[in-house]
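To start, the structure itself, in structure tokens.
The values are calculated or read from the model by the stated rules, or taken from the named source; none is laboratory data. Computed from a predicted model, the values in this text were never measured in an experiment. Cβ: placed from backbone, ideal geometry, glycine included. Neighbour counts: every protein chain shown.
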Amino acid sequence: MISEDKNHHLKRKNKSSTQLIEMAEVKLLGVGGSSYSRRVEWALKIKGVKYEFTEEDLQSKSPLLLESNPVHKKIPVLIHNCKAICESMVILEYIDETFEGPSILPQDPYERAIARFWAKFLDGKCLEAVGKALWSKFGEEEEKSKQEAYEVLKIVDNELKDKKFIGGDNIGFVDVAANYIPFWLEIVEEATGVVLVTSEKFPHLCAWRDEYLNCSEVKENLPDRDTMLGFFKAKVLAATVAK
Amino acid sequence: MAEELKLHRTWSSPFGLRIVWALHIKGIEYDAIFEDLSQKSPELLQYNPIHKKIPVLVHKGKPICESLVILEYIDETWKEAPLLPQDPYEKAMARFWAKFGEEKLLPSIWSVFTGQGEEKKEALGLAVQNLELLEEQLKEKFFGGEKIGYLDLVFGWLAYLLDVFEEVIDLKLFDAGKFPLLSAWMKNFYDAPEIKEHWPPRDKLVTKFQVLHEKYQTANPPK
């Protein structure tokens, strides 16, 4: 178990080798622009865990990445004490169970089950429907995809009716799982011209988004918006040419 | 105790079976409610309004949905006979492979079942690759070690459905010679006392999947 206390004790012994140990103990292989990668970073920030971040080039994956995630060859990968953990939601649970600090998941088994249910919905059905709708100009059935996206977004909006965050008073497991919605979604909307989220349609979702982007763990740890917009505009161009 | 715990399931669903097995392993009593998916009960629709699916476990009136979520809930609520490993890294590995099972392996095998012509051939290649990855993971008698654990329950459907699919589509999906460890695991799992008394009747399964297979053939004629 890594804790702030343990690190502090080691620091007194030998600063430089401890820094190396500290740095090497938790590594994250990720991509700054990826919402999956940022989920892990925000979880580490919630816990106050120091980590070493390596930006992967997905066109030229590092040997470490390929070795650490041979099954999917994807980021993010958390390397802790030389062991690799893959899949962002699996990593989140690992972080919560391994490091001391504020809880990411609730303590009560029923509350945890509810959180896992919502995380699965947001990471799965919801993200899928939203992604499909955002890119529907280049796919099939634009109107149908939009309707499906509105349905899932309404479910999330309703869930936020009496809550500041899906996790309650602080961002938690489900909010981190849903991270695409408060930041990336709006940028893709601008790039594609497909607008799904308005405050008229989803007032609670929009309020949540504003609170979310104001959290310290998030605010100081977001990719540059203009860079992201450029990235998505290039994707739109490529999709337009392909069509 | 039994009135406090209900499980909404169907006679054949592998997702529901996972929960039946888990509850048996833990020695927990419950009431099983068999749903007809063409006519879902008002309770099911109330308990799982978002997906309207089984299984749903209802504990003291509170519903839990999604089979993997239910398995973790059961493991955290009833501590005897643990299903998941205690060590956080081992637990993460179990969750990783469960996700692989749900998102890669199962869909690839389902694509072989529903596919035709070139699509089917491609799907078969992918399914075999996924099975190879799984074969490499078997280090002991079960995925859970000496005893059945979480991952065995997650992959348990392979032990009874692969063979049914093969019969219905008349195609060898699983070459036992190529997968000696998985083969042995399937036999051990199939025959385990906590598991075997719950298998749905094979002939009924064959009929059900034959009907389903025909539906897919007519809905998507070969290209």
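Are there helices (runs of 4 or more DSSP H) fully within the stretch A:111-195 with at least 2 residues that are within 14 Å of chain B (Cβ to nearest Cβ) and surrounded by fewer than 22 Cβ atoms within 10 Å (Cβ to Cβ)? List them. Walk me through how you get there before you give the answer.
Details: elements: A:127-134, A:142-159, A:173-177, A:184-192.
Passing ranges, in order: A:127-134, A:142-159.
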What tally of residues in the stretch B:71-95 results from selecting those that are among the aromatic types (Phe, Trp, Tyr) and under 26 Å from B:Leu7 (Cα atoms)? 2
Selection within the stretch B:1-35 - acidic (Asp, Glu) and surrounded by fewer than 18 Cβ atoms within 10 Å (Cβ to Cβ): B:Glu3, B:Glu4, B:Glu29, B:Asp31
Pull up the stretch B:11-56, narrow it to residues that are within 14 Å of chain A (Cβ to nearest Cβ) and touching a Pro at 6+ places or on another chain (Cβ under 8 Å), then point me to the one that is farthest from A:Asp157 (Cα to Cα). B:Ile19
Would you confirm whether or not the stretch B:110-118 contains a residue that is under 22 Å from B:Ile169 (Cβ atoms), surrounded by fewer than 16 Cβ atoms within 10 Å (Cβ to Cβ), more than 9 Å from every other protein chain (Cβ to nearest Cβ) and out of contact with any helix residue (DSSP H, G or I) (no Cβ under 9 Å at 6 or more places or on another chain)? yes
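Evaluate the following for B:Ala22: is it over 13 Å from B:Val154 (Cβ atoms) and not in a loop (DSSP other than H, G, I, E, B)?
Working: over 13 Å from B:Val154 (Cβ atoms): no; not in a loop (DSSP other than H, G, I, E, B): yes.
Criteria not met by B:Ala22.
Say we look at the stretch B:78-93 and pick out the residues that are of a type in the set (D, E, K, R) and farther than 24 Å from A:Ala84 by Cβ; which of these is farthest from the other protein chains (Cβ to nearest Cβ)? Break it down into steps so the answer makes sense when it comes.
Kept after step one, since they are of a type in the set (D, E, K, R), are these residues of the stretch B:78-93: B:79-80, B:87, B:90-91.
In the following step, the residues that additionally are farther than 24 Å from A:Ala84 by Cβ were identified as B:79-80.
Values: B:Lys79: 10, B:Glu80: 15 Å.
The residue in question is B:Glu80.
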Among the candidates B:Pro85, B:Pro49, residue that is buried (at least 16 other Cβ atoms within 10 Å of the Cβ), in a loop (DSSP other than H, G, I, E, B) and at pLDDT 95 or above: B:Pro85
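Of all residues being charged (D, E, K, R) and surrounded by fewer than 21 Cβ atoms within 10 Å (Cβ to Cβ) in the stretch B:146-165, which is nearest to B:Leu182 (Cα to Cα)? Just the residue, please. Don't jump to the end; show me each part of the working.
Taking the stretch B:146-165 first, the residues charged (D, E, K, R) are B:146-147, B:152, B:163.
Cutting the leftovers down to surrounded by fewer than 21 Cβ atoms within 10 Å (Cβ to Cβ) gives us B:146-147, B:163.
Working: B:Glu146: 15, B:Lys147: 15, B:Asp163: 13 Å.
Among them, the one singled out is B:Asp163.
Per-residue answers, yes or no, for (1) farther than 18 Å from A:Phe117 by Cα; (2) part of a helix (DSSP H, G or I); (3) within 7 Å of chain A (Cβ to nearest Cβ):
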| residue | (1), (2), (3) |
| --- | --- |
| B:Val58 | no, no, no |
| B:Leu68 | no, yes, no |
| B:Glu72 | no, yes, yes |
| B:Glu76 | no, yes, yes |
| B:Arg95 | no, yes, yes |
| B:Ala98 | no, yes, no |
| B:Glu102 | no, yes, no |
Can you find, within the stretch B:57-75, the residue that is nearest to B:Glu35 (Cα to Cα) among those that are buried (at least 17 other Cβ atoms within 10 Å of the Cβ) and among the charged types (D, E, K, R)? B:Glu66
Please go through the stretch B:119-145 and give me each residue that is free of Cβ contacts under 8 Å to residues at least 60 places away in the same chain, in a loop (DSSP other than H, G, I, E, B) and either among the β-branched types (Val, Ile, Thr) or surrounded by fewer than 21 Cβ atoms within 10 Å (Cβ to Cβ) (or both), ordered by number. B:Leu138, B:Lys139, B:Glu140, B:Lys141
What number of residues within the stretch A:96-110 satisfy the criterion of being within 18 Å of B:Asp87 (Cα to Cα), without any contact (Cβ under 8 Å) to a residue 12 or more places away in the chain and more than 7 Å from every other protein chain (Cβ to nearest Cβ)? 1
Return only the number of the condition from (1) within 30 Å of A:Thr98 (Cα to Cα); (2) out of contact with any Lys or Arg (no Cβ under 7 Å at 6 or more places or on another chain); (3) within 14 Å of chain A (Cβ to nearest Cβ) that B:Pro107 does not satisfy. (1)
Candidates A:Leu92, A:Leu65, filtered to the one that is touching a Leu at 6+ places or on another chain (Cβ under 6 Å) and aliphatic (A, V, I, L, M): A:Leu65
Residue list for the stretch B:54-76, restricted to those being under 15 Å from the mean Cα position of the chain (by Cα) and either within 13 Å of B:Tyr30 (Cβ to Cβ) or among the aromatic types (Phe, Trp, Tyr) (or both): B:Pro55, B:Val56, B:Ile70
